[in-house]
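Engineer: Encoded as structure tokens, here's the structure I'll be asking about.
The values are calculated or read from the model by the stated rules, or taken from the named source; none is laboratory data. Just so it is clear, the model here is predicted, and its values are computed rather than measured. FYI the Cβ positions are ideal-geometry reconstructions off the backbone, even for glycines, and counts take in every protein chain you see.
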Amino acid sequence: MTFSSRRQGESGSTDEEPPDVSELTWQFDHGESREVSYNNHRFECSQITSPNGDWLIAFGRSLDGGSCRIFVFHREELVTTQPFERPTEARIADDGTAIVVDAGSIKSSGGDVVIIDATGSEVVADAFNSNVHGTAITDDGAYASVVTLNPDGSVYVYETETGKRTVRHEIEHGRRNGIAFDDSGDRLYVIDDQTEKLLYAIDLTGEVVWRSSHIRSRVPRFNRAMERLRVWLYDKLGRTRNKSGTVDTERR
């Protein structure tokens, strides 16, 4: 599935058909698990594999109630393992680059996002005051992304080669969403968790390049509602509307 470049309209829509949501890797399946033995401890882990099946990342807590760790395998050979306070989600790319969410203490909100390369070296460590809800990584590992919940409610994109955060995009609609890159790695889709429908997509600069018909139909309604709100506020402040229906800024 490859997307070609096409000119877009002001609403961020294009003529391209979006992928089916079932084709995107965006919901982390904690039901797939494995037990990992390390230093005389057994860890019950969630796991996820890279798209090409060569890499696997597992994370979990030791069965004796002790520490948590992540484990990265390449073709079933352990490459690296590292301690984490409370890892809750991870993704791994075809080149072994991985992104991990460390939620930290269960008594507080927020958490850390860590990106490591194929050797286990840390390339990104970013802290958030809001809970991190989801992660995504391109198949080639060039870009990784996270989405946060309220009060931040934003999508962040990282360039893994440089370790730089390149995009912060405030979520337009809703505050509990999943994210997923398309196969080309050029688009990041925002997905409604409840309806499991694609909402819109941004490119690697953070610009909206596609919106669903549902979202596009909501934009005019939102603008009309904001205009009604402005009119009401101005009326309360003793201001008037002119003949065209817009609001005059001078007081009576």
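Engineer: E89 is checked against (1) of a type in the set (D, E, K, R); (2) modelled with pLDDT of 95 or more; (3) surrounded by 15 or more Cβ atoms within 10 Å (Cβ to Cβ) and fails just one. What number does that condition carry?
Structural biologist: Among (1) of a type in the set (D, E, K, R); (2) modelled with pLDDT of 95 or more; (3) surrounded by 15 or more Cβ atoms within 10 Å (Cβ to Cβ), E89 violates only (2).
Engineer: Right, here's the next one. If I ask for residues that are more than 12 Å from the chain's Cα centre (by Cα), within 19 Å of V113 (Cα to Cα) and of a type in the set (G, A, S), which ones from segment 163-205 would you list?
Structural biologist: Across segment 163-205, the qualifying residue is only G163.
Engineer: Which residue out of G153, G110, G174, G134 is at pLDDT below 95 and touching a Lys or Arg at 6+ places or on another chain (Cβ under 9 Å)?
Structural biologist: On the way: G110 fails: touching a Lys or Arg at 6+ places or on another chain (Cβ under 9 Å); G174 fails: touching a Lys or Arg at 6+ places or on another chain (Cβ under 9 Å); G134 fails: touching a Lys or Arg at 6+ places or on another chain (Cβ under 9 Å).
The match here is G153.
Engineer: Right, next: Given the conditions (1) under 21 Å from V190 (Cβ atoms); (2) among the aliphatic types (A, V, I, L, M); (3) surrounded by fewer than 24 Cβ atoms within 10 Å (Cβ to Cβ), report the number of the one that A125 does not fulfil.
Structural biologist: Here A125 meets the rest and fails (1).
Engineer: Would you confirm, using the coordinates I've provided, whether A144 is surrounded by fewer than 18 Cβ atoms within 10 Å (Cβ to Cβ) and at pLDDT 95 or above? Before the answer, list the steps.
Structural biologist: Details: surrounded by fewer than 18 Cβ atoms within 10 Å (Cβ to Cβ): no; at pLDDT 95 or above: yes.
Answer is no for this residue.
Engineer: Looking only at segment 97-149, which residues are in a strand (DSSP E or B) and among the acidic types (D, E)? Quick ask: steps written out before the conclusion?
Structural biologist: Going through segment 97-149, the residues in a strand (DSSP E or B) turn out to be 98-102, 111-116, 122-128, 132-137, 143-148.
Correct list: D102, D112, E122, D126.
Engineer: Next question, about the same structure. Quick one: D64 ticks every box in (1) crowded, with 16+ Cβ neighbours inside 10 Å; (2) touching a His at 6+ places or on another chain (Cβ under 8 Å) bar one, so which box is it?
Structural biologist: (1)
Engineer: Residues of segment 110-122 being surrounded by 15 or more Cβ atoms within 10 Å (Cβ to Cβ) and farther than 14 Å from G163 by Cβ, which ones? So that I can check it myself, show each step before the final result.
Structural biologist: Within segment 110-122, the subset surrounded by 15 or more Cβ atoms within 10 Å (Cβ to Cβ) is 110-118.
Once the filter is applied, which keeps residues that are surrounded by 15 or more Cβ atoms within 10 Å (Cβ to Cβ) and farther than 14 Å from G163 by Cβ, segment 110-122 yields G110, G111, D112, A118.
Engineer: Out of all the residues in segment 165-203, which are assigned to a strand (DSSP E or B), under 23 Å from A127 (Cα atoms) and either among the basic types (K, R) or not assigned by TED's automatic domain parsing to the domain that holds H133 (or both)?
Structural biologist: R165, R168
Engineer: Just the residues that are among the charged types (D, E, K, R) and at pLDDT below 70, please, taken from segment 21-58. Even if it seems obvious, please write down each step before you answer.
Structural biologist: To start, the set of residues in segment 21-58 that are among the charged types (D, E, K, R) comprises 23, 29, 32, 34-35, 42, 44, 54.
Scanning segment 21-58 gives E23, D29.
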